[in-house]
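Working notes for the structure below.
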Amino acid sequence: MEITKTRCLIIGSGPAGYTAAIYTSRANIEPLLIEGYQPGGQLTITTDVENFPGYPEGVTGPQLMEDLRAQAARFGADIRAGYVNEVDFSSRPFRAVTDNGLEILADSVIICTGASAKYLGIDDEKKYNGMGVSACATCDGFFYRGKKVAVVGGGDTACEEALYLSNLASEVYLIVRKDYLRASKVMQQRVFDKTNIQVFFNTNTAGLYGEEFVEGAHLVEHIGTDKENRFDLPLDGFFLAIGHKPNTEVFSKYIELDETGYIKVNGAGTSTNVPGVFAAGDVADPNYRQAITAAGMGCKAALDVERFLAEQN
Ligand code: NDP
């Protein structure tokens, strides 16, 4: 196994990871960044990004990530393929091992492994991904102006996404598997007050249909009961809002997580319960989950690492 040493290991290659790499490289920390299974992160599966400052004409998600990667590489960040599947944060230097046989000894670590949107697990979600299926209304809602969309889920995220979309789309259908919304009362009320949001309770999605893009969903009301009713709902867009799963499993032995698995950071900073280990981006942010907020947090983590290493010396 190849062994390498670094002053700062960055795990993950979304906007947080690359921004942390840009800042630490420019501070002469010579970071090593391990990209993970999905180099570029969640943005590589979105189409156009129109809300990242600095791109007045918009930019595709993959292009934005390529630009961030090139900017980090320009300042000398050592960016390598691989997936960190084992860590030991019990003493310094911290130790991490990748699936392609690299052992890393690091004076500091920035965890930027992101979160993954949960999907229903039906084949049609993959078939129409980026062709009418999305897990981010803020990213893709704009493309559905004046159109009909569905949002799946009954939590605060689903209500928030439905409300956001109701200001763009002509009709929004909220597809809820139970006979109630799990969202907070205030969010529920906002949804019920909107005239162009229709809630389908006790309803599951069996599949999607359409030539190239989504043209509708096959829905089932009261599934598995004697009231079962199957019907098709014509749609232009199908949004998943059934929760996100932060990618924290590999760190859970050492790093304190909240009850939903997100890394707990200290106040508005990026330090975790292990001195020298920092976290940035969606992995530590259940609330905002935007590319620009992740990038901002990546910058903060890099500055925190710089101070930490200076104190150690
Ligand atoms: P939640 O776990 O709260 O809700 C997930 C929703 O998706 C539930 O209604 C659940 O249904 C439904 N769901 C899960 N799996 C499936 C499935 N396979 N098929 C159909 N429906 C499914 O996730 P959220 O992302 O909404 O919220 C996460 C946390 O973040 C919460 O604590 C929330 O309060 C918070 N949050 C707060 C916001 C705010 O305050 N503005 C905004 C967004 C989130 P069921 O109820 O049947 O399990």
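I want the antiparallel fraction of DSSP beta bridges within the chain, as a percent rounded to 5. Let's see the in-between values first.
Details: 27 of 60 bridges.
Close to 45 percent.
Going by C-beta contacts inside 10 Å, put CYS8, CYS139 in order with the fewest on the left.
With the fewest neighbours first, CYS8, CYS139 line up as CYS139, CYS8.
With +1 assigned to the C-beta of every Lys and Arg and -1 to the C-beta of every Asp and Glu, and no other charges, what is the dipole magnitude of the chain about the Cα centre in debye, to the nearest 20?
With Lys and Arg at +1 and Asp and Glu at -1, about 600 debye.
Which angle between 0 and 90 degrees, to the nearest 10, do you get for helix 61-74 versus the longest principal axis of the chain when only C-alpha atoms count?
Tilt of helix 61-74: around 10 degrees.
Enumerate the calculated ³J(HN,Hα) couplings along the range 231-239 in order (Karplus 6.51 cos²θ - 1.76 cosθ + 1.60, θ = phi - 60°), each rounded to whole Hz, writing x wherever the residue is Gly or Pro.
8, 9, 10, x, 8, 9, x, 9, 10
Could you give each residue of the range 2-11 its phi-based ³J(HN,Hα) in whole Hz, using Karplus coefficients 6.51, -1.76, 1.60 with θ = phi - 60°, and x for Gly or Pro?
6, 10, 9, 10, 8, 7, 8, 9, 10, 10
Against the longest alpha carbon principal axis of the chain, how many degrees, from 0 to 90 and to the nearest 10, is the axis of helix 156-166 turned?
60
Helix 291-312 sits at what angle to the longest principal axis of the chain, using alpha carbons and giving 0 to 90 degrees rounded to 10?
With both axes taken from Cα atoms, the answer is about 20 degrees.
Using modelled amide H (1.01 Å from N, peptide plane; none on Pro or chain starts), what sits under 5 Å from the amide H of PHE238, excluding residues fewer than 5 places away?
For PHE238, whose amide H was placed from the backbone, the distant partners under 5 Å are VAL133, SER134, ALA150.
When the dipole is taken about the Cα centre of the range 244-313, and only Lys, Arg (+1) and Asp, Glu (-1) are charged at their Cβ, what size is it in debye, to the nearest 20? Don't skip to the answer; put the middle values down first.
Working: 6 positive and 9 negative charges, 16 e Å.
The calculation lands at about 80 debye.
If you take the alpha carbon radius of gyration of the range 189-313 and divide it by 2.2 N^0.38 Å, what ratio comes out, to two decimals?
Values: Rg = 21.8 Å, N = 125, 2.2 N^0.38 = 13.8 Å.
Normalised by 2.2 N^0.38 Å, the Cα Rg of the range 189-313 equals 1.58.
With a cap of 12 neighbouring Cβ atoms within 10 Å, and only residues DSSP puts in a loop, list the trypsin sites (Lys or Arg not before Pro) found in the range 216-255.
On the way: sites: LYS227, ARG230, LYS253; in loops: LYS227, LYS253.
When the trypsin sites (Lys or Arg not before Pro) of the range 216-255 are filtered for loop state and at most 12 Cβ neighbours within 10 Å, LYS227, LYS253 remain.
Evaluate the Kirkwood expression for the hydrodynamic radius of the chain, namely the inverse of the mean inverse distance over all pairs of different C-alpha atoms, and round to one decimal in Å. Walk me through the numbers on the way to the answer.
Values: mean 1/r = 0.0484 Å⁻¹.
For the chain, inverting the mean 1/r across all distinct Cα pairs yields 20.7 Å.
For a quick check of your reading of the filter: which GluC sites (Glu not before Pro) in the range 233-313 sit in a DSSP loop and have no more than 16 other Cβ atoms within 10 Å?
Details: sites: GLU249, GLU256, GLU259, GLU306, GLU311; in loops: GLU256, GLU259.
Loop-located and lightly packed - GLU256, GLU259.
Would you order ILE110, ILE22 from fewest to most other beta-carbon atoms within 10 Å of each residue's own beta-carbon? Don't jump to the answer; show the numbers that get you there.
Details: ILE110 31, ILE22 23.
Ranked by crowding around the Cβ, least crowded first: ILE22, ILE110.
What residue among PRO62, VAL97, THR44 has its Cα farthest toward the positive end of the dipole of the range 42-113, where the charges are +1 on Lys, Arg and -1 on Asp, Glu, each on the Cβ?
It is VAL97, whose Cα lies furthest towards the positive end.
Just in the range 1-86: which GluC sites (Glu not before Pro) are loop by DSSP and have at most 11 other Cβ atoms within 10 Å? Intermediate results must be reported in sequence, preceding the final value.
Working: sites: GLU2, GLU35, GLU50, GLU57, GLU66, GLU86; in loops: GLU35, GLU50, GLU57.
Those satisfying the criteria are GLU57.
With the cut-off at 1.5 for a/c, could you classify the range 167-258 from its C-alpha gyration tensor as rounded, prolate or oblate?
Working: a/c = 1.69, a/b = 1.52, b/c = 1.11.
Prolate, since a/c reaches 1.5 and a/b exceeds b/c.
With just the Cα atoms defining each centre, how far is the range 49-112 from the range 175-200? Give it in Å.
For the range 49-112 versus the range 175-200, the Cα centre distance is 38 Å.
When you count, for each residue, the other Cβ atoms within 10 Å and take the mean per peptide, how do 288-300, 202-214 rank with the highest first?
Numbers: 288-300: 21.2, 202-214: 16.7.
Highest-to-lowest ranking by the protection proxy: 288-300, 202-214.
Which whole-angstrom value gives the distance between the alpha carbon centres of the range 8-39 and the range 127-141?
First find each Cα centre; the distance between them is then 27 Å.
May I ask which residue of ALA295, THR205, GLY216 lies farthest towards the positive end of the charge dipole of the range 180-313, with charges of +1 (Lys, Arg) and -1 (Asp, Glu) on Cβ and the Cα centre as origin?
The Cα lying farthest towards the positive end belongs to ALA295.
Which Cα, out of THR260, LEU309, GLY130, lies furthest along the positive dipole direction of the chain (beta carbon charges, K/R +1, D/E -1)?
Checking the options against the dipole of the chain, the answer is LEU309.
How fast does the range 1-88 diffuse by Stokes-Einstein, in µm²/s, taking the Kirkwood radius from C-alpha pairs at 37 °C and 0.692 mPa s? Intermediate values should be presented prior to the final figure.
Values: Rh = 13.5 Å.
The Stokes-Einstein estimate is 243 µm²/s.
Tell me, for the chain, which Cys residues have no other cysteine's C-beta sitting closer than 4.7 Å.
Cys with no partner Cβ under 4.7 Å: CYS8, CYS112, CYS159, CYS299.
In terms of Cα to Cα distance under 14 Å, which aspartates and glutamates are near enough to LYS194, apart from those fewer than 8 places away along the same chain?
Candidates past the 8-residue exclusion: GLU160, GLU161, GLU171.
Only the coordinates and a few stated rules stand behind these numbers; no lab work does. This one's a predicted model, so the numbers in the text were calculated from it and none came from an experiment. Cβ coordinates were reconstructed from backbone atoms using ideal geometry, including for glycine residues, and neighbour counts include every protein chain displayed.
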